Amino acid sequence: MNDRSVRFFSKPARLAWAGAGAMLLCSTVAVAATDVRVWHALSPHNKDVFEGLVKDFNRSQKDVMVKLKAFDSPDAVEAAIEAAKSRDDKPHLAQLDDHRSQNDLASRDYVQPLHALLSKHPIKDAKWFLSEQNTYLRDTKNRLLAFPYMTEVPVMFYNLDAFKTAGITPPVPQRAWSGLQDQLVSLANNGSRKCPLTSDQSVSVNLENLAAVNNQPYTTSGNGLVKGTPAFQFDVIYIRHLSLMISWVRSELMLKPENDVKAVERFANRECAVLFSGSGNIGLFQNSRGLNFAVSGLPYYPQVTQTPGSPFVSGSAIWAIAGHSKEHDAASAQFLEWLAQPKQAAEWYQKTGFLPLTQQAFATTSASYYKDLGDWRNLAAAYEKAPGQTSRGFRVNNYPKIKTMFRATLDRALNGEQPAVTALRYASVEAGKLMREKK
């Protein structure tokens, strides 16, 4: 073929090449995966578990490609979404902490409630683990607002070796506050002087779940779940309890609660004998070298209730972000459905300590998993059943601000700056003011 023939194809030949190129392009487009951007703020251990599951999902099919972006906190995720909500690179799914204000979150213009997404793309066969009567992540019509993937409950972790060193037999913490105090004295005098007890759950343990675990209402108006404006009435049980906690800090039976990762790190490094923290740390502690631990429920007051109740569910969840195409919504739902399948859901539960996502995940977890975890199975199983009236949940207007104020007030009291009665009276009055504020 001469140069002239190379330079000048006939018209049919040019059309044939063009058609072949178009077919190749269409073929490429047809097999291109739909990206699903997921923003999260998981702790390092749980981040590793999640990343492993996402890699498995991406390898399992070619239609959807999940891409993760990590942030330092759920608040940072929320701020980033707010900044990106009008852009094309906003996430499709995001981990958000509801701060006990899920209805406020669900009403934001960048959120698509989960029930709306699942009405178009239902998750087949999965039965949610949390009872429908638990109000967490549900609106006033009992509809699910978000994917309950990072839900947890506060528990009492204890170092078995520290209890054995202290000569406590059996090496199990007392559930009664007075009995636990006696054990903390033994721990302090026998190997755990620097840190008998610590916590990162100041408001949760000393206010919210002081009520729920003792089967008492946290606020009036049925914990804010019925008509009327709720009010915080911190009565004698709260005053006595906070006075006890102040005495524990003063006598060095308890390190003042730390609202960051330090308390968890101290326990993981075997510096502390007892820790009040979220169950979502179970997986981390299982992978902490040399740590021999187990799990028990939060303490209660036998003078108030014969049988301890269950704490409120807390944590965060995966929320669907609005403003995406039908194709991307379908891809997001496909990923969530895969996470909800028994194998993946059970792996997430077992490797993290978050509550089971589905009943199937809980049912397929073998007894051997719980062998060294103390009472964890019973504590988790309680949430599959209908909750008691005082532990279903609570709704309080402007609660994020209220909780911040509660934490600061407890800090002052535990620092010895205010007696319990003064601190709690202030907390009650200020909460009433904040409830009446417009957002």
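Tabulated results
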{"item": "Number of the condition not met by Asp372 [criteria: (1) open to solvent by 30 Å² or more (accessible area, probe 1.4 Å); (2) assigned to a helix (DSSP H, G or I); (3) acidic (Asp, Glu)]", "result": "(2)"}
{"item": "Identity of the residue in the stretch 405-428, open to solvent by 80 Å² or more (accessible area, probe 1.4 Å) and without any contact (Cβ under 8 Å) to a residue 40 or more places away in the chain, that ends up nearest to the chain's Cα centre (by Cα)", "result": "Tyr426"}
{"item": "Search result, residues across the stretch 40-59 that are within 25 Å of Val111 (Cβ to Cβ) and within 15 Å of the chain's Cα centre (by Cα)", "result": "His40, Ala41, Leu42, Ser43, Asn46, Lys47, Phe50"}
{"item": "Every residue from the stretch 178-221 that is out of contact with any strand residue (DSSP E or B) (no Cβ under 7 Å at 6 or more places or on another chain), open to solvent by less than 10 Å² (accessible area, probe 1.4 Å), in a helix (DSSP H, G or I) and not β-branched (Val, Ile, Thr)", "result": "Leu180, Leu187, Ala188, Ser202, Leu207, Glu208, Leu210, Ala211, Ala212"}
{"item": "Of all residues in the stretch 84-99 being of a type in the set (Gly, Ala, Ser) and at pLDDT below 95, the one that is least open to solvent (accessible area, probe 1.4 Å)", "result": "Ala84"}
{"item": "Subset tally (residues that are touching a Ser or Thr at 6+ places or on another chain (Cβ under 8 Å), among the small types (Gly, Ala, Ser) and touching a residue at least 24 places away in the same chain (Cβ under 8 Å)) for the stretch 260-279", "result": "4"}
{"item": "Residue in the stretch 68-79 that is open to solvent by less than 40 Å² (accessible area, probe 1.4 Å), over 21 Å from Thr151 (Cα atoms) and within 21 Å of the chain's Cα centre (by Cα) present", "result": "no"}
{"item": "Matching residues in the stretch 226-238 - criterion: being open to solvent by 40 Å² or more (accessible area, probe 1.4 Å) and not polar (S, T, N, Q)", "result": "Val226, Lys227, Gly228, Asp235, Val236"}
{"item": "Which numbered condition His241 fails, given (1) open to solvent by 10 Å² or more (accessible area, probe 1.4 Å); (2) of a type outside the set (A, V, I, L, M); (3) under 30 Å from Gly167 (Cα atoms)", "result": "(1)"}
{"item": "Test: residue in the stretch 271-283 that is in contact with a Leu (Cβ under 7 Å, 6 or more places away or on another chain), within 30 Å of Glu437 (Cα to Cα) and not in a helix (DSSP H, G or I)", "result": "no"}
{"item": "First in the stretch 245-257 and over 16 Å from Gln418 (Cα atoms), second anywhere and assigned to a loop (DSSP other than H, G, I, E, B) and of a type outside the set (A, V, I, L, M), Cβ under 6 Å, 6 or more apart", "result": "Leu253/Pro196; Leu255/Cys195"}
{"item": "In the stretch 291-325, the residues that are open to solvent by 20 Å² or more (accessible area, probe 1.4 Å), modelled with pLDDT of 95 or more and not in a loop (DSSP other than H, G, I, E, B)", "result": "Tyr300"}
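The values are calculated or read from the model by the stated rules, or taken from the named source; none is laboratory data. Values in this document were obtained by computation on a predicted structure and should not be read as measured data. Ideal geometry is used to build each Cβ from the backbone, glycine not excepted, and the neighbour counts take in all protein chains shown. These area figures cover heavy atoms from the full protein model, side chains too; ligands, DNA and RNA do not enter into them. Shrake-Rupley method; radii C 1.70, N 1.55, O 1.52, S 1.80 Å.
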